[in-house]
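Q: Structure provided below as structure tokens; questions to follow.
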Amino acid sequence: MSAGSGVTHSEFNHSGTEGVHFLQIWVVPAEKNSPPGYQQVSVSEADKRGNLRLIISPEGENGALRVRQDIRIYAGLFQGDEQQTITLPDDRYAYIHVARGSVRVNGLQFNAGDGARVRDEKTLSFSHGEGAEVLLFDLRPNEVNHPTR
């Protein structure tokens with residue numbers, strides 16, 4: 001959802017008997033007062049299995065949701081031998097969030113709920129997952145130097 005020039009939004013668990021686990025991620029748009037919008041996509045487990053699948057990007061390429069900001073978000077599932085290495089462009093940094101399970105990133109152990117801001121690394125290698133559900137944010141280098149217009 002892009003709130004843009006104004007949207008009322010509420011998020012809650014509709015079930016009275018089952019728990020819910022979700023992340024609410026806010027991305028500041030590149031320009032103020034853009035038109036509101038809503039998108040939704042389902043990505044199969046197979047597309048994320050042992051793979052960081054692009055789910056959000058500025059251009060919406062490869063079926064990703066389009067966002068009005070210089071950010072790319074990937075989702076992946078890792079178990080056992082599954083591994084992937086991703087190369088970051090020179091002028092970028094990353095944020096890693098492990099939503100479930102555990103995984104190693106460049107040899108460091110991450111567990112459910114762990115996150116890390118990554119700078120000065122050209123590659124990120126995800127491996128040794130145990131029921132791992134991972135989000136990787138590819139971000140521009142300094143938000144302070146890129147205020148919303």
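Computed from the coordinates by the stated procedures, all read-outs in this text should not be read as laboratory data. Just so we're clear, the structure is a prediction, and the values are computed from it rather than from any experiment. Virtual Cβ from ideal backbone geometry, glycine too; neighbours counted across all protein chains shown.
Q: Calculate the FRET efficiency for A112 and V20 from the Cβ-Cβ distance with a Förster distance of 22 Å, rounded to the nearest 0.05. Each step should come with its number before you reach the end.
A: Numbers: r = 15 Å, r/R0 = 0.70.
Here the calculated transfer efficiency is 0.90.
Q: I would also like to ask the following. Just want the answer: with Cβ charges of +1 for Lys and Arg and -1 for Asp and Glu, which residue in V103, S57, L23 is farthest toward the dipole's positive end in the chain?
A: Toward the positive end, the furthest listed residue is S57.
Q: Most exposed first by the Cβ proxy, i.e. fewest other Cβ within 10 Å, how do V103, V118 rank? Show your work: numbers first, answer last.
A: On the way: V103 28, V118 17.
Listed from fewest to most nearby Cβ atoms, that is V118, V103.
Q: Between exposed GluC sites (Glu not before Pro) in the chain, where DSSP calls loop and at most 16 other Cβ atoms lie within 10 Å, what's the longest gap?
A: Values: sites that count: E11, E18, E31, E59, E121.
Here the longest run is 60-120.
Q: Another one. Treating only the Cβ atoms of Lys and Arg (+1) and Asp and Glu (-1) as charged, compute the dipole magnitude of the chain about its Cα centre; round to the nearest 20 debye.
A: On the way: 15 positive and 19 negative charges, 67 e Å.
In debye, rounded to 20, the chain gives about 320.
Q: List every residue whose amide H lies under 5 Å from the amide H of N51, counting only residues 5 or more places away in sequence or on a different chain, with H placed 1.01 Å from N in the peptide plane.
A: Here L77 satisfy the definition.
Q: For the stretch 101-111, just list the computed ³J(HN,Hα) in residue order, Karplus coefficients 6.51, -1.76 and 1.60, θ = phi - 60°, integers in Hz, with x standing in for Gly and Pro.
A: Running phi through 6.51 cos²θ - 1.76 cosθ + 1.60 with θ = phi - 60° gives x, 8, 7, 9, 10, 6, x, 8, 7, 10, 10 Hz.
Q: Could you line up F110, F22 from fewest to most neighbouring Cβ atoms inside 10 Å? Show your work: numbers first, answer last.
A: Numbers: F110 20, F22 8.
Starting with the residue having the fewest Cβ neighbours, the order is F22, F110.
Q: For K32 paired with E45, estimate the spin-label separation in nm (one decimal), with each label point 7 Å from Cα along the Cα-to-Cβ line.
A: Label-label distance for K32 and E45, simple model: 4.6 nm.
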